[in-house]
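Q: Could you have a look at this structure, given as structure tokens, before my questions?
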Amino acid sequence: MAIRQTKAAIAAAVGLRVLSYIFLRWSMLPPLPPIIFALFAAYLPTFVSGYRKEPQYDLVDEVDVLVTETTVEGEGRPNNRNNAANRGEEEVVAEDITIQETIFVEDRPLSPWKTLLTGAPNPRSLALSLATLLLNALCVGLVADRLFRERLYMGDDLSFVRLGYVSEKEAKLLIREPDQSKMPITVEVHIKDPHPPFDNPLWQKAGGVRWTTNETDYTAVLSIPLRHSKKRTYEWRTSNNHSGEFTAPPPVGHAEETNYGPFTFLSTSCIIPRFPYNPLDHPLSIPGLRHLAKVLPTLNAQFMLFLGDFIYADVPRYWDRSVDYYRQKYRQVYASPDWPAVGQNLSWIHALDDHEIFNDWSANRTGVYSSAIDPFHHYHAAANPGPKNATYFEFTQGPASFFLLDTRSFRSDNAKLPATAANKTMLGTEQLADLLAWLRRPAPRGVRWKIVASSVPFTKNWPVNTRDTWGGFLAERHAVLEAMWDATTSQSGGVGVVVLSGDRHEFAATKFPPPEGDPRWQPRGSSDSAAVWEFSASPLNQFYSPMPTYRQTDGEDVLIKYIHKGNSKFGAITIENMEGGDQSSLKYRLFIDGEEVWNTVILSPSQVSAGSFWDRSSYRWDFLRHYMYNDLRRDKPSRELWGDEIQMKPPEVDYDMVMDEEDDHGIALLTDMIGSTPLILHVSRSGSNLSPQRTYGFCFVKYTPYKNPEDTKKLLERIAFIRETHYGGFYDFKPDLAMADTAYTNQALPPHTDTTYFTDPAGLQAFHLLSHEPGPHGERPYGGASVLVDGFKAAQELRAEDVGAYNVLRTVRLPWHASGNKGITIRPAINFPVFETHHAMGLYRIRWNNDDRGVVPFDKVRPEEWYKAAAKWNEIINRPLLQYWFQMKPGTVVIFDNWRVLHGRNAFKGIRRICGGYINRDDFMSRWGNLNLSTRENLYRVIG
């Protein structure tokens, strides 16, 4: 019989082996490693003590019992047993019992399998005992290897390039390069399969990165302008030895053209390296990426929607709360040997979930959130569509419009409110409003699907930890569902609505039909035509639930398919518009561990026919309700604010690309980069399909011919009409004081805006330096560096530092004038302040030129208060961090938004010849809208 120490050793050994298997092969639960290490610590002394005290021999006690019977026969009968049957029965007279006890010692059985399986010490075999000890030590060693070894891979020297968002107009590359000796990094692209003579087969420079800093963990995002409006496959390469390819999507507004073929994208979530654990794998290996890489060439996928948990900050252990720790976790995924096969040729678009912060995060934007969101911004948000650092956003590609939710940053505390509470929110007020507005907004021409991407499941059918899903926010979920049902039955033509989600490490397809009998969602037959679908697939590489956890409880969330097994799951979604019809098909294919295991096809709602005059004159309640309560046609700008960092990647396009009359992509790109303009649309952090994506307020046009200024004039006329002023139309001048204006001198000019004295100041202004020659006395030409200042950025700084000064410049109206030339006296119809604002847009125009300003009036405040505010403003616009200095040169035209961007120059020597002109704001905005929006989108700016 085993002694107590041996029993304790067996219990500890069995426990640590079972828990080690669970940790390494089933689920890396953070509490397990400390328990395993504690069991091993308890096992060692009990094992040694057991080995020393457990006897090698068994004491055997054998007892033999001998019974002797004495019998006699009946009277007169002989004692003859053979005749016993005939002569009568025998009679027992006595019994003698003899007991013999023998005690001896024998060897205990060796039992090698018992020793190895239980971890018990074997006193008869030191080799077996050491072997079972080593097995336990190996389990602990493997756990320690998985827990600690990845910590050695800091990734500080990691250099990589991944493909971010790719639209029909641009492709984003995320570049990480800490080695400054490789700077600047240049990027070249060319068309993979050119079609001569229309396509240029040569490699062309697409831009570059001048330097990277620790502020962004040595990352930068380069936007590559795409020169073709049609679908093309491009190859790219960088000067620091990275390369890949991407395919531009079909242009928005042409998605109904069937010659573009099927449109496919992928969806999944959840990555943790080296799981299931294999000691032979690289410490940063990700088997799920290998499964994805195996099938990726056959899918022709446009992008991956990755719905969160790209890192697990708290698994297998939460080591730190610092920014450096969170950055390291991102670098480890990108340093995986399995990453390049899926990251250099496939666009990845990312959403945020809890493990990028902490498990089941519902603390809003407090605590560790700021440390966690920093690398998400640099590694993911910067390369996503939408505004900079947005955690939720929308975009449209091909036949579908997408809205990626942020289900973590704005949610209510789960512990404080029940799931049915009306004031409990997952999205926050602003994001919810943006989502509902997007659902109600008519889809662009040819778009038949609206895809909502949620990091957590929309269904409430997962009873385990339901409150972390939309099942914990039922009131808000119902409001979203009603808007989704409205979208499928819209009077202007319904679209299919699909929710894609992840998080649960299982797969489930769920259907959400509208309530039976409700007339709002049954305009064309059964309620099933208005049903919303959800496909929830994860993980890409993590544990899966060994037992089913999904359970349908009512008719609201209807189970279609459920599969819980598989360490690697992702969905491939293929949309194809039907030729000659008004419907579109969406095929969902589920891949588990690299194999397709299930698929289904759903159809978008059929489009509504025009009907009679009286049909067209009737209005549904949801249409009227929209204009009564949710009319979002408000002016609000979308802008990319900048300071001196813009010199790393200033916006620029090529002259030939802009002047290509066969392809308007170049001129569209130019106007889009300049267009820091208001749209008649509600825009917030989530962005909008109608908002510019690169709203810098200025752009360079490179490689412009400069021998003849007529080429520059044609460039401006490609945008719109050149505005006539008292300077003429297209100007071509030297510093000869031909006009009484400081521009016609060689003196320095501080940052300012032009034509402040017009009621409607010039919208755009352009300069092209044609030559810089020696002066009349032979002085060497030098100086004249130009400066641009983002006035909106500077105003933002002023408002943050001194809101009183901001309000003074916003409210005091000044008498602007131009009266330096004979016979010229110009002033606006009314006085205007420095900052012109609108109740919905905020700041939309700046007038600032001290040479054009009249006497400060006694208006809202005393003049000295205005001068104090103006001095503060002047100090801000002259801060080096807000100024972008550059040297104008022949061949490069600078065009900027005169309502936003202040310009100036240093003094210079020599004779400079400059040409350029002004363009009206309304003309520019009309040109921008016609180039960058479809007819339907332009009309939406009016009719909503």
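The values are calculated or read from the model by the stated rules, or taken from the named source; none is laboratory data. Please read these numbers as outputs of a predicted model, since none were measured by experiment. Cβ atoms come from the backbone with ideal geometry, glycine included; neighbour counts cover every protein chain shown.
Q: Any chance the stretch 430-446 includes a residue that's closer than 17 Å to Ser536 by Cβ and either surrounded by 18 or more Cβ atoms within 10 Å (Cβ to Cβ) or in the same structural domain as Asp582 (by TED's automatic domain parsing) (or both)?
A: So the first thing to find is which residues in the stretch 430-446 are closer than 17 Å to Ser536 by Cβ, and the list is none.
Checking the stretch 430-446: not a single residue is closer than 17 Å to Ser536 by Cβ and either surrounded by 18 or more Cβ atoms within 10 Å (Cβ to Cβ) or in the same structural domain as Asp582 (by TED's automatic domain parsing) (or both).
Here is a yes/no grid of residues against (1) assigned to a loop (DSSP other than H, G, I, E, B); (2) farther than 22 Å from Gly697 by Cα; (3) at pLDDT below 95:
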position	(1), (2), (3)
Pro761	yes, no, no
Glu779	yes, yes, yes
Leu788	no, no, no
Leu798	no, no, no
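Q: Looking only at the stretch 381-388, decide whether some residue is out of contact with any strand residue (DSSP E or B) (no Cβ under 8 Å at 6 or more places or on another chain) and either closer than 14 Å to Gly164 by Cβ or among the small types (Gly, Ala, Ser) (or both).
A: yes
Q: Which residues, taken from the stretch 24-41, are at pLDDT 95 or above and surrounded by 17 or more Cβ atoms within 10 Å (Cβ to Cβ)?
A: Leu24, Leu32, Pro33, Ile36, Leu39, Phe40
Q: With the structure loaded, tell me whether Leu296 is in the same structural domain as Ile357 (by TED's automatic domain parsing) and within 27 Å of Leu142 (Cα to Cα) or whether it fails that test.
A: no
Q: Can you name the condition, by its number, that Ala171 falls short on among (1) among the small types (Gly, Ala, Ser); (2) within 15 Å of Pro225 (Cα to Cα); (3) in a loop (DSSP other than H, G, I, E, B)?
A: Of (1) among the small types (Gly, Ala, Ser); (2) within 15 Å of Pro225 (Cα to Cα); (3) in a loop (DSSP other than H, G, I, E, B), only one is false for Ala171: (3).
Q: Let me ask something else. Quick test of your reading of the structure: Asp360 fulfils all but one of (1) over 20 Å from Leu163 (Cα atoms); (2) in a helix (DSSP H, G or I); (3) acidic (Asp, Glu). Name the failing condition by number.
A: Condition not satisfied by Asp360: (2).
Q: Only residues in the stretch 467-480 that are not assigned by TED's automatic domain parsing to the domain that holds Thr510 count as the first member; pair them with residues that are at pLDDT below 95, Cβ under 8 angstrom, at least 6 apart or cross-chain, and list the lot.
A: none
Q: What are the pairs with Cβ atoms under 8 angstrom where one residue, in the stretch 137-155, is assigned to a loop (DSSP other than H, G, I, E, B) and among the β-branched types (Val, Ile, Thr) and the other, located anywhere, is buried (at least 19 other Cβ atoms within 10 Å of the Cβ) and at pLDDT below 95? Sequence gap at least six, or different chains.
A: Correct list of pairs: empty, since none qualify.
Q: Kindly indicate which of Tyr918, Tyr867, Tyr884, Tyr844 is more than 25 Å from Ala766 (Cβ to Cβ) and either among the aromatic types (Phe, Trp, Tyr) or in contact with a Cys (Cβ under 7 Å, 6 or more places away or on another chain) (or both).
A: Numbers: Tyr918 fails: more than 25 Å from Ala766 (Cβ to Cβ); Tyr884 fails: more than 25 Å from Ala766 (Cβ to Cβ); Tyr844 fails: more than 25 Å from Ala766 (Cβ to Cβ).
Exactly one residue qualifies, and that residue is Tyr867.
Q: Restricted to the stretch 455-499, and to residues that are among the hydroxyl-bearing types (Ser, Thr, Tyr) and closer than 27 Å to Pro444 by Cα, which residue is surrounded by the most Cβ atoms within 10 Å (Cβ to Cβ)?
A: Looking at the filtered set, the residue picked out is Ser455.
Q: To continue, here is another question. Restrict the check to the stretch 545-556 and report whether at least one residue is in contact with a Ser or Thr (Cβ under 6 Å, 6 or more places away or on another chain) and either surrounded by 21 or more Cβ atoms within 10 Å (Cβ to Cβ) or free of Cβ contacts under 8 Å to residues at least 40 places away in the same chain (or both).
A: no
Q: All but one of (1) under 17 Å from Ala137 (Cβ atoms); (2) modelled with pLDDT under 95; (3) of a type in the set (Ser, Thr, Tyr) hold for Tyr21; state the number of the condition that does not hold.
A: Result: Tyr21 fails condition (2) only.
Q: Hey, any hits in the stretch 400-420 for a residue that's under 21 Å from Ile451 (Cα atoms), buried (at least 21 other Cβ atoms within 10 Å of the Cβ), modelled with pLDDT of 90 or more and β-branched (Val, Ile, Thr)?
A: There is at least one residue in the stretch 400-420 that is under 21 Å from Ile451 (Cα atoms), buried (at least 21 other Cβ atoms within 10 Å of the Cβ), modelled with pLDDT of 90 or more and β-branched (Val, Ile, Thr).
Q: Do we find a residue being surrounded by 18 or more Cβ atoms within 10 Å (Cβ to Cβ), at pLDDT 70 or above and touching a Phe, Trp or Tyr at 6+ places or on another chain (Cβ under 9 Å) anywhere in the stretch 605-622?
A: Looking for residues that are surrounded by 18 or more Cβ atoms within 10 Å (Cβ to Cβ), at pLDDT 70 or above and touching a Phe, Trp or Tyr at 6+ places or on another chain (Cβ under 9 Å), one finds none in the stretch 605-622, hence no.
Q: Being touching a residue at least 40 places away in the same chain (Cβ under 8 Å), within 30 Å of Asp664 (Cβ to Cβ) and in contact with a Leu (Cβ under 6 Å, 6 or more places away or on another chain): is that true of Val166 here? Don't jump to the end; show me each part of the working.
A: Numbers: touching a residue at least 40 places away in the same chain (Cβ under 8 Å): yes; within 30 Å of Asp664 (Cβ to Cβ): yes; in contact with a Leu (Cβ under 6 Å, 6 or more places away or on another chain): no.
Taking the combined requirement at face value, the residue does not satisfy it.
Q: In addition: Looking only at the stretch 566-596, count every residue that is under 24 Å from Pro546 (Cα atoms), in contact with a Lys or Arg (Cβ under 9 Å, 6 or more places away or on another chain) and surrounded by fewer than 19 Cβ atoms within 10 Å (Cβ to Cβ) and tell me the total.
A: So the count comes out to 3.
Q: May I pose another question? Would it be correct to say that Ser585 is in contact with a Gly (Cβ under 6 Å, 6 or more places away or on another chain), under 26 Å from Ala400 (Cα atoms) and modelled with pLDDT of 60 or more?
A: No, not satisfied.
Q: Looking only at residues in the stretch 660-678 that are over 9 Å from Thr695 (Cα atoms) and part of a loop (DSSP other than H, G, I, E, B), which one is modelled with the highest pLDDT?
A: Asp660
Q: Determine, yes or no, whether Phe358 is under 20 Å from the mean Cα position of the chain (by Cα), closer than 21 Å to Phe148 by Cα and either in the same structural domain as Leu163 (by TED's automatic domain parsing) or not acidic (Asp, Glu) (or both).
A: On the way: under 20 Å from the mean Cα position of the chain (by Cα): yes; closer than 21 Å to Phe148 by Cα: yes; either in the same structural domain as Leu163 (by TED's automatic domain parsing) or not acidic (Asp, Glu) (or both): yes.
Yes.
Q: If you don't mind, another one. Could you run through the stretch 691-734 and say how many residues are part of a helix (DSSP H, G or I) and closer than 14 Å to Trp928 by Cβ?
A: So the first thing to find is which residues in the stretch 691-734 are part of a helix (DSSP H, G or I), and the list is 710-719.
Adding the requirement that they be closer than 14 Å to Trp928 by Cβ leaves 718-719.
Residues meeting the conditions: 2.
Q: Take the stretch 494-509 and flag every residue that is within 10 Å of Ala531 (Cα to Cα) and at pLDDT 95 or above.
A: Correct list: Val497, Val498.
Q: Scan the stretch 206-222 for residues that are of a type outside the set (D, E, K, R) and either farther than 12 Å from Glu170 by Cβ or modelled with pLDDT of 95 or more (or both) and jot them down.
A: Of everything in the stretch 206-222, those that are of a type outside the set (D, E, K, R) and either farther than 12 Å from Glu170 by Cβ or modelled with pLDDT of 95 or more (or both) turn out to be Gly208, Val209, Trp211, Thr212, Thr213, Asn214, Thr216, Tyr218, Thr219, Ala220, Val221, Leu222.
Q: A follow-up question, please. With respect to Ala766, determine if the residue is at pLDDT below 95, surrounded by 15 or more Cβ atoms within 10 Å (Cβ to Cβ) and within 21 Å of Arg900 (Cβ to Cβ). Before the answer, list the steps.
A: Working: at pLDDT below 95: no; surrounded by 15 or more Cβ atoms within 10 Å (Cβ to Cβ): yes; within 21 Å of Arg900 (Cβ to Cβ): yes.
In short, no.
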